[in-house]
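Right, one structure below, let's go through it.
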Amino acid sequence: MLPDDDAPALYLQIAEQLARLIRNGALARGARLPSVRALARQHGVAQSTVVQAYHWLEDARLVSARPRSGFFVTAPVVSLPEPSTPRPMRRPREVTVDYLGQRILGHKQPEEIVSFSNGTPGIDLLDPDRVRRAVSRAVQRHRNLLCIYPWPSGHEDARRALARYAVSLGCGLDPENIVLTSGCMESVALCLRAVTQPGDVVALESPTHFSFLELLRDLHLRALEIPTHARHGLSLDALQLALDTQPVKATLVVPTLSNPLGSCMPQAGRKRLAQMAARHGMAVIEDAIYNDLVEVDEMRRSVKSYDSTGHVMLCDSFSKTLAPGLRLGWLEGGRWAERLRAIKGLQVGGQSAVLELALADLISQAGHAAAMRQLRAAAAARVSTARHSIATHFPQGTRVSDPPGGLLLWLELPRALDTVQLHQACLAKRILIAPGSVFSASGRFRNCLRIGVGDWSPAHWAALRTVGELACGMLRSPPLLAA
């Protein structure tokens, strides 16, 4: 028997193993799980450990207890076709940002609006008290830092803590090469400034994160959209063709839980991407902000972990997992590390060293891994239930992503439906959705939309049903187009 101190890790291991079987359909809805005694004997643990695992699964809405009968699978297993992969773009193009996207994704929405625009965990999924305690400790222990300017690259202790954390991404990083930033988007912006000049071509996923398009526009860079598969991520064959035919200076990619598709590049693809970067002398800017939200440990390993030449630049943040309000991110710039430190010092400066040390405290705590498991379980339950609602209430033929983690769903509706018009119809009902066209520099994906389930309340379930009903109504009676 293992000591009690190991019980939390054990119960989470057992719970996650069962959760995977439920989500992939191996344990069907209504199936009875092994008894507490039988499962304890199977794993060689105390019965109390199994009870904890079953309670975790209950919290994730994957199982329910029936008096004197045991635990049964309750999670709906939804089979929906996945979104199709777009065609490659023939040439790069100047970026003109869709101002509709800025209104939807760039601003805080009125309280009376039921919004599906947010992919950041809401307050119900995070632990503000844990963050408050860490910030209080940092203020008490390092209050003198409040009276001096911070280091542009970040406090040394925070950089060391991030280097230790990066081991979970498969990376062995030198703390001297780590730079703290005010968020992942600033990390990406700094990397783009370090490796490009106005007019350069940047390859990126299609569909892609709206804020990436804003960055390319502001830096006067041209976008080359690369087809991206809903499960496997960026097409490396299409990227290779682009490298052979276009002057691509950098590739901007989210290999784990891409936004908005939620796709995950296989490890063989991540290794190949690092090799392509070295062979072509191209910078790969890897956004790893969602890595802690992926359910499968293997998918947490970054492209950077395969980088032997310094061509991969790693960007990350904890705004999707710990505390968006801290506004802290970090990067490791590979062969451009010195240039990045110079740009950061001259153009941006440093963040609050006290908050950096609070972050270091949070990610170094023994319970941090368990907190991430709890967050992943809650997010998976929410996404699973949302997919079930979409399958029930949206038009026949709707395709939906099935991401292995995160808080985003990408929907491809029948081609006759214009989601910009659906957005307008929803807004009249005080519901906010993000039409697919805002996730492309070319205005593609007019029949697609992104649903974020980060903020959630009982009103969201009714609102999601309303969105589906409006879409069905629009297909039955298409709106009249302006002359």
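The values are calculated or read from the model by the stated rules, or taken from the named source; none is laboratory data. Everything numeric here is computed off the predicted structure, so don't read it as measured data. Note that each Cβ is placed from the backbone with ideal geometry, even for glycine, and that neighbours are counted across all protein chains shown. Protein only, heavy atoms only, side chains kept; ligands, DNA and RNA dropped before computing areas. Shrake-Rupley method; radii C 1.70, N 1.55, O 1.52, S 1.80 Å.
Total residues in segment 304-336 satisfying the condition of being farther than 22 Å from ALA379 by Cβ, open to solvent by less than 10 Å² (accessible area, probe 1.4 Å) and among the small types (Gly, Ala, Ser): the figure is 1. The residues of segment 88-110 that are modelled with pLDDT under 75, farther than 13 Å from SER440 by Cβ and not in a helix (DSSP H, G or I), listed by number, are ARG90, GLY106, HIS107, LYS108, GLN109, PRO110. Is there a residue being assigned to a loop (DSSP other than H, G, I, E, B) and out of contact with any strand residue (DSSP E or B) (no Cβ under 9 Å at 6 or more places or on another chain) anywhere in segment 424-443? Within segment 424-443 (the criterion being assigned to a loop (DSSP other than H, G, I, E, B) and out of contact with any strand residue (DSSP E or B) (no Cβ under 9 Å at 6 or more places or on another chain)), the answer is yes, since at least one residue qualifies. Evaluated against (1) open to solvent by less than 10 Å² (accessible area, probe 1.4 Å); (2) modelled with pLDDT of 95 or more; (3) within 15 Å of ALA441 (Cβ to Cβ), ARG222 falls short on exactly one condition, (1). With respect to (1) closer than 29 Å to ALA242 by Cβ; (2) modelled with pLDDT of 95 or more, the lone exception for GLU156 is condition (1). Quick check: is even one residue across segment 397-411 under 30 Å from GLY25 (Cβ atoms), aliphatic (A, V, I, L, M), in contact (Cβ under 8 Å) with a residue 60 or more places away in the chain and assigned to a helix (DSSP H, G or I)? Checked against the condition, which is being under 30 Å from GLY25 (Cβ atoms), aliphatic (A, V, I, L, M), in contact (Cβ under 8 Å) with a residue 60 or more places away in the chain and assigned to a helix (DSSP H, G or I), segment 397-411 yields no hits at all. The condition (being modelled with pLDDT under 95, open to solvent by 20 Å² or more (accessible area, probe 1.4 Å), of a type outside the set (A, V, I, L, M) and out of contact with any Asp or Glu (no Cβ under 7 Å at 6 or more places or on another chain)) is satisfied by just one residue among ASP200, ASP127: ASP127.
Test LEU355 against the stated conditions and say whether it is of a type in the set (A, V, I, L, M) and either open to solvent by 20 Å² or more (accessible area, probe 1.4 Å) or in a loop (DSSP other than H, G, I, E, B) (or both).
On the way: of a type in the set (A, V, I, L, M): yes; either open to solvent by 20 Å² or more (accessible area, probe 1.4 Å) or in a loop (DSSP other than H, G, I, E, B) (or both): yes.
Yes: the conditions hold for LEU355.
Across segment 60-74, the qualifying residues are those that are free of Cβ contacts under 8 Å to residues at least 40 places away in the same chain and part of a loop (DSSP other than H, G, I, E, B), and the one among them that is nearest to LEU18 (Cα to Cα) is SER69. Looking across segment 358-390, the residues that are open to solvent by less than 30 Å² (accessible area, probe 1.4 Å), among the small types (Gly, Ala, Ser) and over 30 Å from ARG450 (Cα atoms) come down to ALA358, ALA360.
Listed by first and then second residue, the pairs with beta-carbon distance under 7 Å, at least 6 apart or on different chains, first residue in segment 277-306 and of a type in the set (Phe, Trp, Tyr), second outside any helix (DSSP H, G or I) and open to solvent by 20 Å² or more (accessible area, probe 1.4 Å), are TYR290/LYS320. Entry remark, segment 287-303: residues being of a type outside the set (Lys, Arg) and open to solvent by less than 30 Å² (accessible area, probe 1.4 Å) number 10 in total.
Of everything in segment 295-322 that is part of a loop (DSSP other than H, G, I, E, B) and β-branched (Val, Ile, Thr), the residue that is farthest from ASN259 (Cα to Cα) is THR309.
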